[in-house]
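**Student:** This is the structure I have questions about; it appears just below.
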Amino acid sequence: MLNRIHHLGYAVEDLRVASRFYRERFGADPGEPEAVEEQGIIAVMFPVGESRIELLQPTRPDSPIGKFLAKRGEGFHHTAFEVEDLESALAELDKSGVELIDQSPRVGAGGTKMAFVHPKAAFGVLTELVELPHS
Ligand code: CO
């Protein structure tokens, strides 16, 4: 089901400070910030080889990322795996009794389809499944 690691998500207090750090200290190339208002986040992605790092800043304190920051502070937030067919992946997981946060795909940053598997079901790691737009 899992093709590769699409990205790792990090929660940060200030997207601009974090982007500058990765640009200046690691020579990374963070893209333009993209707001996903439904999730209460502004996200920046930058490529690392064939994978990516996603920096996430909350747009409001009561969003999931806002609550995460308040409780745990900055740091690792989720792993995102690329899948071929998100709908059937979710149906299969649900049928096997795996606890999902999203029963059906949502639209994520960059027009991808995405859904979260509950960290309780995945050994404490919030797990995102991503289906890329098909060309
Ligand atoms: Co993500």
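The values are calculated or read from the model by the stated rules, or taken from the named source; none is laboratory data. Here the structure is a predicted model, which means the values were calculated and not measured. Ideal geometry is used to build each Cβ from the backbone, glycine not excepted, and the neighbour counts take in all protein chains shown. For the accessible areas, the whole protein counts, side chains as well, though only heavy atoms, and no ligand, DNA or RNA atoms are used. Shrake-Rupley method; radii C 1.70, N 1.55, O 1.52, S 1.80 Å.
**Student:** Less than 13 Å Cβ to Cβ from L55, Lys/Arg counted +1 and Asp/Glu -1: what total charge do the surrounding residues give? Provide the component values of the computation, followed by the final result.
**Tutor:** Working: positive: R16, R20, R23, R52; negative: E13, D14, D29, E32, E34, E54, E74.
For residues surrounding L55, the net value is -3.
**Student:** Over segment 1-95, what is the mean sequence separation of C-alpha contacts under 8 Å (at least six apart), divided by residue count, expressed as relative contact order in percent?
**Tutor:** 39 percent
**Student:** Could you compute the net charge surrounding D102? Neighbours are other residues with a C-beta less than 13 Å from the C-beta of D102; K and R count +1, D and E count -1.
**Tutor:** Net of charged neighbours comes to -4.
**Student:** Something else: Less than 15 Å Cβ to Cβ from H134, Lys/Arg counted +1 and Asp/Glu -1: what total charge do the surrounding residues give?
**Tutor:** Working: positive: K113; negative: E82, E84, D85, E87, E131.
Local charge sum for H134: -4.
**Student:** Which is farthest toward the positive dipole end of the chain among P33, P58, P133, measuring Cα position about the Cα centre, with Cβ charges +1 (Lys, Arg) and -1 (Asp, Glu)?
**Tutor:** Sorting the options by dipole projection puts first P58.
**Student:** Work out the length of the dipole vector of segment 9-135 about its Cα centre, built from +1 on the beta-carbon of each Lys and Arg and -1 on the beta-carbon of each Asp and Glu, and round it to the nearest 20 debye.
**Tutor:** It comes to approximately 560 debye.
**Student:** Extension gain D85-R72, at 0.36 nm per residue separation less the Cα-Cα distance, in nm?
**Tutor:** Result for the pair: 1.4 nm of gain on full extension.
**Student:** I've got another one for you. Per DSSP H run of at least 4 residues, take -39500 (n - 2.57); add these up for the chain, divide by its residues and hand me the 222 nm value, nearest 500 deg cm²/dmol.
**Tutor:** Rounded to the nearest 500, it is -7000 deg cm²/dmol.
**Student:** Quick one: dipole size for segment 59-109, taken about the Cα centre, charges +1 on Lys/Arg Cβ and -1 on Asp/Glu Cβ, in debye to the nearest 20.
**Tutor:** Magnitude of the dipole: close to 480 debye.
**Student:** Of all chymotrypsin sites (Phe, Trp or Tyr not before Pro) in segment 58-93, which ones are in loop regions per DSSP and have a Cβ with at most 15 other Cβ atoms within 10 Å?
**Tutor:** none
**Student:** Given springs between every Cα pair under 10 Å in a Gaussian network model of the chain, which of V12, V36, V44 has the largest fluctuation?
**Tutor:** Result: V36 has the largest fluctuation of those listed.
**Student:** Taking amide H atoms as placed 1.01 Å from N in the peptide plane, list the residues 5 or more away in sequence, or in a different chain, whose amide H sits under 5 Å from that of V130.
**Tutor:** F81, E82, V83
**Student:** Also, I was wondering about something else. If you take every DSSP beta bridge fully contained in the chain, what fraction is antiparallel? Give it as a percent rounded to 5.
**Tutor:** Bridges in the chain that DSSP calls antiparallel: roughly 75 percent.
**Student:** Also, quick follow-up: How much length is gained on full extension from S51 to S96, taking 0.36 nm per residue of separation minus their Cα-Cα distance? Working shown, then result.
**Tutor:** Details: separation 45, 0.36 × 45 = 16.20 nm, distance 2.86 nm.
Gain on stretching S51 to S96: 13.3 nm.
**Student:** Under a GNM of the chain (C-alpha, springs under 10 Å), which listed residue has the highest mean-square fluctuation: S96, S51, S104?
**Tutor:** Top of the fluctuation ranking is S96.
**Student:** How high is the relative contact order of segment 67-116, in percent, counting Cα pairs under 8 Å that sit 6 or more residues apart? Could the numbers behind the result be given before it?
**Tutor:** Numbers: 29 pairs, mean separation 12.7, N = 50.
Contact order relative to length: 25 percent.
**Student:** State the percentage of accessible surface on the chain attributable to carbon and sulfur atoms; use a 1.4 Å probe and exclude ligands, DNA and RNA.
**Tutor:** Answer for the chain: carbon and sulfur cover 53 percent of the accessible area.
**Student:** Something else: I want to check the label-to-label distance for T59 and R106. Put each point 7 Å from Cα in the C-beta direction and report it in nm to one decimal.
**Tutor:** Each label point lies 7 Å from its Cα, and together they span 1.2 nm.
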